[in-house]
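Let me begin by presenting the structure, written as structure tokens, before commenting on it.
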Amino acid sequence: HTQSQDFKVADLSLAEFGRKEIALAEHEMPGLMAIRKEYAEAQPLKGARITGSLHMTVQTAVLIETLVALGAQVRWASCNIYSTQDHAAAAIAAAGVPVFAWKGETLEEYWWCTEQALTWPDSPTAGPNMILDDGGDATLLVHKGVEYQKTGELPSADNEELAAVRTLLGTSSLDWTGIAAQIRGVTEETTTGVHRLYEMQRDGVLLFPAINVNDAVTKSKFDNKYGCRHSLVDGINRATDTLIGGKTAVICGYGDVGKGCAESLRGQGARVIVTEIDPICALQAAMDGYQVTTLDEVVDKADIFITTTGNKDIIMASDMAKMKHQAIVGNIGHFDNEIDMAGLAKIPGIVKDEIKPQVHTWTFPDGKVIIVLSEGRLLNLGNATGHPSFVMSNSFADQTLAQIELFTKPDAYPTGVYVLPKHLDEKVARLHLDALGVKLTTLRPEQAEYIGVQVEGPYKPDHYRY
Ligand code: NAI
């Protein structure tokens with residue numbers, strides 16, 4: 001590892017390679033580049049100290065440099081132990097942005113990196129005044145820290161993740177309460193992190209305002225769906241190079257991510273089966289032409305199993321015991337609790353073997369083998385490079401506009417969880433049309449009046465679902 005005073009990455013010599021890919025990505029991220037141009041002079045993020053906790057990829061590098069171009073100071077960590085692209089991290093470090101991320105962190109290292117991203121040596125409170133989160137871990141650490149300072153009790157160590165948080169808080173010297181008081185807000189990238197925010201709001205423990213970026217239409221209806229449509233098969237192919245056509249694949253969950261995943265495997269010629277608990281999503285899957293049934297019914301027949309639920313305990317060890325020889329099992333939901341890895345490891349006589357990093361076989365006592373991708377963590381980032389630039393340009397344009405909203409209009413957002421105003425959502429879509437050669441029809445004033453909207457939008461009521 002290369003560590004100077006204020007960053008830690010795998011290998012700084014990868015910076016040139018990272019910079020070349022960043023340059024290519026910039027062209028594929030027209031939304032972010034247009035925002036850089038639009039706000040270059042105004043510098044709306046001047047004075048912002050943004051702590052980012054989000055997969056340190058090439059696309060994220062373009063986001064980071066957009067925030068910097070708008071006047072912000074930035075410190076960064078990845079939000080998953082496997083998702084960092086080391087060349088992207090190196091390029092960002094070489095550009096002088098403190099980044100703490102490498103592919104293959106331990107959980108302890110992961111939380112240390114998050115703490116480093118939250119530690120601002122030159123600020124009076126030693127903390128950020130904005131958080132940009134993906135999955136809510138930076139926000140969680142601040143909230144747990146404040147709770148610890150208030151009660152003197154370390155958080156319980158219910159699982160491996162929380163055990164690592166507990167260890168970190170026990171040794172950290174940060175003034176969490178002081179840090180929390182300075183934070184104007186957090187913008188949250190994903191379904192799972194948003195879920196945590198609404199829970200904290202409901203329980204009355206949320207400490208600062210939040211913008212739910214995930215539920216911007218130009219985020220969840222694009223990144224979750226079309227992003228996963230691209231990066232799921234990419235992950236499976238790089239990990240296994242197994243022909244998907246003709247195989248039977250099970251997608252657990254038919255939300256935004258599940259819809260993209262199902263389409264992606266069907267596009268490769270797989271027969272796709274969906275499991276759901278929600279009758280609406282189950283009916284959608286059926287209408288889209290997929291068989292919908294329970295995991296139990298098909299667990300011994302399918303070849304590929306992918307969890308997309310954001311829920312826990314979806315594929316249990318007892319399920320994996322029933323699978324076919326060389327069935328492939330992977331998760332694309334945010335956390336690693338969808339697949340019961342702990343239960344798998346406890347099966348008497350089972351043997352785990354590493355084929356290559358993030359690809360493991362598990363051999364049962366009877367000789368049957370299953371292949372588990374990324375140890376049950378999100379496989380599109382662990383086995384491949386996550387979503388491609390163009391779709392991330394939408395998500396990250398939403399992030400950037402959400403950061404500007406919370407940072408520049410603190411009075412408009414008292415503590416609570418908000419979605420991005422619709423005119424900004426539409427703006428993000430608009431910024432991506434030219435690059436695809438889209439010609440938009442302009443409403444005539446009398447048409448606008450007839451449907452009750454302004455010519456320049458917004459075009460839909462807030463409850464419209466797209
Ligand atoms: P969503 O809420 O739209 O979809 C999840 C679906 O799973 C829902 O329809 C729900 O009814 C279903 N579900 C819940 N429990 C289930 C069970 N026991 N069996 C079958 N289905 C069940 O959420 P979304 O946006 O699709 O996100 C899913 C997860 O993926 C989240 O953890 C999110 O953070 C993550 N995510 C990951 C990305 C990646 O690049 N890997 C990108 C975007 C989101």
Residues (among the hydrophobic types (A, V, I, L, M, F, W, C), touching a Leu at 6+ places or on another chain (Cβ under 8 Å) and closer than 22 Å to residue 392 by Cβ) located in segment 413-466: 420, 424, 428, 433
Single unsatisfied condition, residue 280 versus (1) buried (at least 18 other Cβ atoms within 10 Å of the Cβ); (2) over 16 Å from residue 244 (Cβ atoms): (1)
1 or more residues free of Cβ contacts under 8 Å to residues at least 12 places away in the same chain, within 14 Å of the ligand (Cβ to nearest atom) and within 26 Å of the chain's Cα centre (by Cα): qualifying helices (runs of 4 or more DSSP H) within segment 221-300: 279-287
Failed item, numbered, when residue 408 is tested on (1) surrounded by 20 or more Cβ atoms within 10 Å (Cβ to Cβ); (2) over 27 Å from residue 343 (Cα atoms); (3) hydroxyl-bearing (Ser, Thr, Tyr): (1)
Selection count where residues are touching a Phe, Trp or Tyr at 6+ places or on another chain (Cβ under 8 Å), within 15 Å of residue 54 (Cα to Cα) and of a type outside the set (Val, Ile, Thr), scope segment 81-103: 6
Segment 228-239: number of residues that are crowded, with 24+ Cβ neighbours inside 10 Å and in contact with a helix residue (DSSP H, G or I) (Cβ under 6 Å, 6 or more places away or on another chain): 4
Filtered residue count, segment 143-161, keeping only those that are under 23 Å from residue 125 (Cα atoms) and in a helix (DSSP H, G or I): 9
Segment 301-314, residues that are within 11 Å of the ligand (Cβ to nearest atom) and of a type in the set (Lys, Arg): 312
Condition broken by residue 333, with the remaining ones in (1) farther than 30 Å from residue 220 by Cβ; (2) within 16 Å of the ligand (Cβ to nearest atom); (3) in contact with a Ser or Thr (Cβ under 8 Å, 6 or more places away or on another chain); (4) not aliphatic (A, V, I, L, M) satisfied: (1)
Boolean, residue 42 is of a type in the set (Gly, Ala, Ser), touching a Lys or Arg at 6+ places or on another chain (Cβ under 9 Å) and on the phi < 0 side of the Ramachandran plot: no
Count of segment 386-437 residues which are of a type in the set (Lys, Arg) and in contact (Cβ under 8 Å) with a residue 24 or more places away in the chain: 2
Hits in segment 162-220 - residues which are among the charged types (D, E, K, R), in a loop (DSSP other than H, G, I, E, B) and within 16 Å of the ligand (Cβ to nearest atom): 189, 215
From 248, 242, residue being in contact with a Lys or Arg (Cβ under 6 Å, 6 or more places away or on another chain) and surrounded by fewer than 24 Cβ atoms within 10 Å (Cβ to Cβ): 248
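Just checking, which of 326, 358 is surrounded by fewer than 15 Cβ atoms within 10 Å (Cβ to Cβ), touching a residue at least 24 places away in the same chain (Cβ under 8 Å), over 30 Å from residue 419 (Cβ atoms) and more than 12 Å from the ligand (Cβ to nearest atom)?
Among 326, 358, only 326 is surrounded by fewer than 15 Cβ atoms within 10 Å (Cβ to Cβ), touching a residue at least 24 places away in the same chain (Cβ under 8 Å), over 30 Å from residue 419 (Cβ atoms) and more than 12 Å from the ligand (Cβ to nearest atom).
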Those helices (runs of 4 or more DSSP H) lying entirely in segment 1-79 with at least 3 residues under 19 Å from the mean Cα position of the chain (by Cα) and at pLDDT 95 or above: 58-69
Count - residues of segment 88-142 that are of a type in the set (D, E, K, R) and either assigned to a helix (DSSP H, G or I) or more than 19 Å from residue 59 (Cα to Cα) (or both): 6
Residue that is within 26 Å of residue 356 (Cβ to Cβ) and out of contact with any His (no Cβ under 7 Å at 6 or more places or on another chain), where the choices are 255, 235, 289, 227: 235
Residue 459 part of a loop (DSSP other than H, G, I, E, B) and aromatic (Phe, Trp, Tyr): yes
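The values are calculated or read from the model by the stated rules, or taken from the named source; none is laboratory data. Everything numeric in this text was worked out from a predicted model, so none of it was measured. Cβ: placed from backbone, ideal geometry, glycine included. Neighbour counts: every protein chain shown.
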